[in-house]
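Derivation of every value follows stated rules applied to the coordinates shown; laboratory data play no part. Everything numeric in this text was worked out from a predicted model, so none of it was measured. Ideal geometry is used to build each Cβ from the backbone, glycine not excepted, and the neighbour counts take in all protein chains shown.
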Amino acid sequence: MRPAGYLLFLALLPLVLNDFWLTLVATRALILGIIALSLTFLATYLGVVSFAQATLAGVAGYTIAYFGPNTVGVGFELPFLVSIPLALILSTITGGAIGLIARQSRGIYAIMITLAIGVAFFYFTRQNYALFNGWTGFSGIRAPEIAGVSLRDPAALYLLSLGTAALAMVLVAGFVRSPMGLSVQAVRDAPGRLLALGIPVTTPIVTAFAFSGFLAGSGGILNIWYQERISSFSVGLGPIIDILIVSVIGGLRHPSGAFVGAVVFVLLDTFAVDLIDRERFNTLIGAVLLLIVIVAPNGLQQLAKDGFGRLRQSNSNATE
Amino acid sequence: MITGMGGHMTLFLIVTLNGLTLAALYFLAASGFSLIFGLMRTVNMAHGALLLLGGYVGYSVVDTTGSWALGVLSGGLAAAFAGAIVQAGVLGWMQGDELRQTLASIAISIIMADLMLWYWGGLTYQVELPEALSGGQRLPVLGVGYANIRLALMVFALVTGLALWFLIQRTRLGAVIRAGVDDQDMLRALGFPINRIFILVFALGGLLAGMAGVIAASALSIAPGTDLQFLLSSLVVVIVGGMGSVGGAALGALLVGLAEQYGLAYAPTYGAVFTFAIMVVVLAVRPQGLLGRAEK
Amino acid sequence: MPVRNTHNAANALEVRGIGKRFGGFWAVRDIDLTVRPGERRAILGPNGAGKTSLFNVLTGDTGASAGTIAMFGEDITRVPIQKRIKRGMRRTYQHANLFDSLTVRETLFLAVAGQRGGWAQLLPLKTSDPRRIEAERLAEIAGVKDFVDREVSDLSHGQRRQLEVGIALAENPKVLLLDEPAAGLSPAERPKLSALLMSLPKNVTVVLIEHDMDIALQTSESVSVLHNGRLLAEGSPDDIMQNDDVHKVYIGGSHGH
């Protein structure tokens, strides 16, 4: 029961970490990791790198903002028990719709199309005031309270994010072993052959995207409670690239890489300021991405695994 | 009543001309992007950054020398040089691994955008126009006034399009590029110096982007974010028009440019949706793009 | 002159006057075949004899230029490949494109389950699921039971071939068309495949095209030999081995007489 052990250890962190580490590092990494998980899931099992994951997280976030307490006077308030499921449903449907649009595209074509969708959504939120309140977006968003404790409370939000992340991993593991999950992987391996078995490929693709929308949406809800605001910049190229960088750092070959990447990214983001000019963070992160693409195209996780493998091999060679 | 109708008509004409202006710019930007993609299957995500670099360099040169033509030329050359370095220094080493190239070009575009922000700041720049191009023209027949630079831009796009068509259809390099679209391995097996050709085509794509950048900075203006705007438009233009085809880029640019301007004029808060809708409809009906060939 | 055929429902496959033309060239022409239910039929011929063209017309991968095909008395000449599958026709592929990252069991499960199950497809599979049990039964028939939980990418070429046959047997097909099942197999792998072909359920009609004469003669009850796009000889393996024409064009040819 190693995963349970890790989980218990992580759940006890609020006892030892101060609010800075807990909120700005741990919680932020978890939330970013959940959203990036929606991408590594797609990349690993459908073989499609999607640039529309910030859009999916944004759809859920905007839903919470529009139907929740905010200080910009746009939208109307619904109880959280309604708005949260609604946000998840909308991000799931949007995910499915994106899958439907991109269903015939693989590789770089899928990247181009999802990127175009993501950026078009960004411009749309900037132009549209009725639903998205233009480029200023929503602020003053409050997380719900349970028994007098706000979910924005550092320990509460951390535990909620941890629980969501663990649940998301369990769901991914279950999904890929389900009949539909098998079809999804079959589409990645040999779509033509799946057709020859009489299984249409559109359903698995749309389902995988919809599931990815669900994952991104749950991360998006946590993110808006964490940020307490959302605007077009939350779905712009910045977050699109951030999610991609997190996934690439962790590796696009295994879903859990998202969390490894998220921790590295957040640590860089938090402490780079001590190393370089705060203003030049993008140059640093771009250089990190470039370095990883050149040196470790399968991500840090794979690099570590290979490294350990080689280490173990040389050890066993030495003992023989 | 009649003046009212005339007002509508004038507005429509102006919006159409604006759409054509934008389409001309989008074509200039997308043609280089499409050319690179067509030959080497590389999605150059740094294309917008190359365009912006050209625009900034062009501005600086016009600012110091006062020569607009020199500005366009040096903007184009700067981006061509940067493009060649990108291909020779990074992307060329990953030839064949398209996903890796895409990711690497994203990293490069992030770094370029940040360094340009550092050097040129967050200001909006507009290149000062030479005498001949400033001012406007009352157009015959249509009876509306329109800026000279924008008319020149349309002519420039037309000339560039024809030149590209000639290059690809009528020259030896063009024959190689057309062959490359069909079969890279074949070219390599036949002993063509394909790595050098790739660098050359990347430089050509950069040249087109860079000149488009200076012209965008003249007809409109440039600022941080312009790179993203033109990267998006290039993506949509080649998705709609078809990958690796000059005619496709032209058709895609026309559709997207006009849709964007009509959208802006008649449905301001849903403008982005039009671009998006065009893309979705084309993907549903013809996934390879209007003038593209089917993916193998 | 076209003759209106009346097809006999007692025959698994009835091919009348089939031809396939590419431009001005007839790859196969005037082929008649009658395959009884449960029969093992090999279609043999040297390279370029028209085997693959005939096979593709039978499976529905390409349309026929002339003639008719009937399956159990029903004309299927114009029936598209997906509908032929629904009527119980299956084929294997020579250049097998399989789902490399799935296990043998998962691959066979997909072949059995198709896309049925609706929303339940999203739920993890129970060990007692009948489709899973059926997948295991197929694994046993195809001789891949010992490594059902291995990933397909780890299989040898011969094991992949066996898996191909297992996939084709899903959902109890009536007619099984095998596309050169022995191609590319090592000498050591061949007997195993022959054994598998001979042990196929007796109610399944099997037509295999084969370049390898030994396997064809060993696993079939009857053999049709193609040459230059036409039917050269037909009969039992013994008849074919005695046939002078066959010796001339096929055996003789390949041994360089």
Legend entry - Within 10 Å of each Cβ in A:196-205, the average number of Cβ atoms from other chains: 5
Legend entry - Label-point separation, C:H157 to C:K83 (7 Å along Cα→Cβ), nm: 3.9 nm
Inset, instruction - Fewest Cβ neighbours within 10 Å first, please rank A:S50, B:S67, A:S105, A:S161 accordingly. - result: B:S67, A:S105, A:S161, A:S50
Legend entry - 0 to 90° range, to nearest 10: angle between helix B:47-65 axis and chain B longest Cα axis: 60 degrees
Legend entry - Mean Kyte hydropathy of 0.0 or more with a Cα span along the axis of at least 27 Å, helices from DSSP in chain A: A:80-101, A:107-127, A:154-177, A:202-227
Inset, instruction - Between beta-carbons, use under 11 Å as the cut-off and find the net charge around A:L151, counting Lys and Arg +1, Asp and Glu -1. - result: 0
Legend entry - Hypothetical label at A:R177: residues of region C:111-140 whose amide nitrogen lies under 13 Å (7 Å Cα-Cβ projection): C:123-128
Legend entry - Per-pair calculated FRET efficiency, R0 = 45 Å: A:A304 and B:L133 via Cβ, rounded to 0.05: 0.20
Legend entry - Over 25 Å (Cα to Cα) - which of C:K20/C:K83; C:K51/C:K174; C:K145/C:K192; C:K86/C:K145; C:K192/C:K248; C:K51/C:K248 fall in this group: C:K86/C:K145; C:K192/C:K248
Inset, instruction - Calculate the spin-label point distance for C:S128 paired with B:V285, positioning each point 7 Å from the Cα along the beta-carbon direction, and give it in nanometres. - result: 5.4 nm
Inset, instruction - Check each of the chymotrypsin sites (Phe, Trp or Tyr not before Pro) in region C:84-148 and keep only those in coil by DSSP with at most 10 other C-beta atoms within 10 angstrom; list them in order. - result: none
Legend entry - trypsin sites (Lys or Arg not before Pro), loop per DSSP, at most 15 other Cβ atoms within 10 Å - longest free stretch of chain C: C:5-77
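What is the sum of charges, Lys and Arg at +1 and Asp and Glu at -1, for the other residues whose Cβ falls under 11 Å from the Cβ of A:P204?
+2
How much length would be gained if the chain were fully extended between A:L86 and A:T270, taking 0.36 nm per residue of separation minus their Cα-Cα distance, in nm to one decimal?
Going from the current span to full extension adds 62.9 nm.
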Legend entry - Total charge dipole magnitude, region B:167-296, about the Cα centre, Cβ charges on Lys, Arg, Asp, Glu only, Debye to nearest 20: 380 debye
Inset, instruction - With everything on Cα atoms, drop me the angle between helix B:68-89 and the longest principal axis of chain B, reported from 0 to 90° to the nearest 10. - result: 30 degrees
Inset, instruction - Place a +1 charge on the Cβ of each Lys and Arg in chain C and a -1 charge on the Cβ of each Asp and Glu, then give the dipole magnitude about the Cα centre in debye, rounded to the nearest 20. - result: 860 debye
Inset, instruction - Provide the gained length on full extension for the span B:T124 to B:R172, in nm with one decimal, where the gain is 0.36 nm per separating residue minus the Cα-Cα distance. - result: 13.2 nm
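Between B:V141 and B:Y270, what length comes free when the chain is fully extended (0.36 nm per residue of separation minus the Cα-Cα distance, one decimal in nm)?
Residue separation times 0.36 nm, minus the Cα-Cα distance, leaves 43.2 nm.
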Inset, instruction - Just rank A:I113, B:I194, B:I106, fewest to most, by other beta-carbon atoms within 10 angstrom. - result: B:I194, A:I113, B:I106
Legend entry - Rounded tilt (10° steps) of C:157-168 against the dominant C-alpha axis of chain C: 90 degrees
Inset, instruction - Mind sorting C:F25, A:F20, A:F121 by how few other Cβ atoms lie within 10 Å of their own Cβ, fewest first? - result: C:F25, A:F20, A:F121
Inset, instruction - State to the nearest 20 debye the size of the charge dipole of region C:99-172 about its Cα centre, where the only charges are +1 on K and R beta carbons and -1 on D and E beta carbons. - result: 160 debye
Inset, instruction - Enter the mean number of other protein chain beta carbons within 10 Å of the beta carbon of each residue in A:235-244, as an integer. - result: 2
Inset, instruction - Please tell me the relative contact order of chain C in percent, rounded to the nearest whole number, where contacts are Cα pairs under 8 Å and at least six residues apart. - result: 26 percent
Inset, instruction - For B:L11 paired with C:F25, estimate the spin-label separation in nm (one decimal), with each label point 7 Å from Cα along the Cα-to-Cβ line. - result: 6.5 nm
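Counting alpha carbon pairs within less than 8 Å and at least 6 residues apart, what relative contact order, in whole percent, applies to chain A?
Taking the mean separation of contacting Cα pairs over the length of chain A, I get 31 percent.
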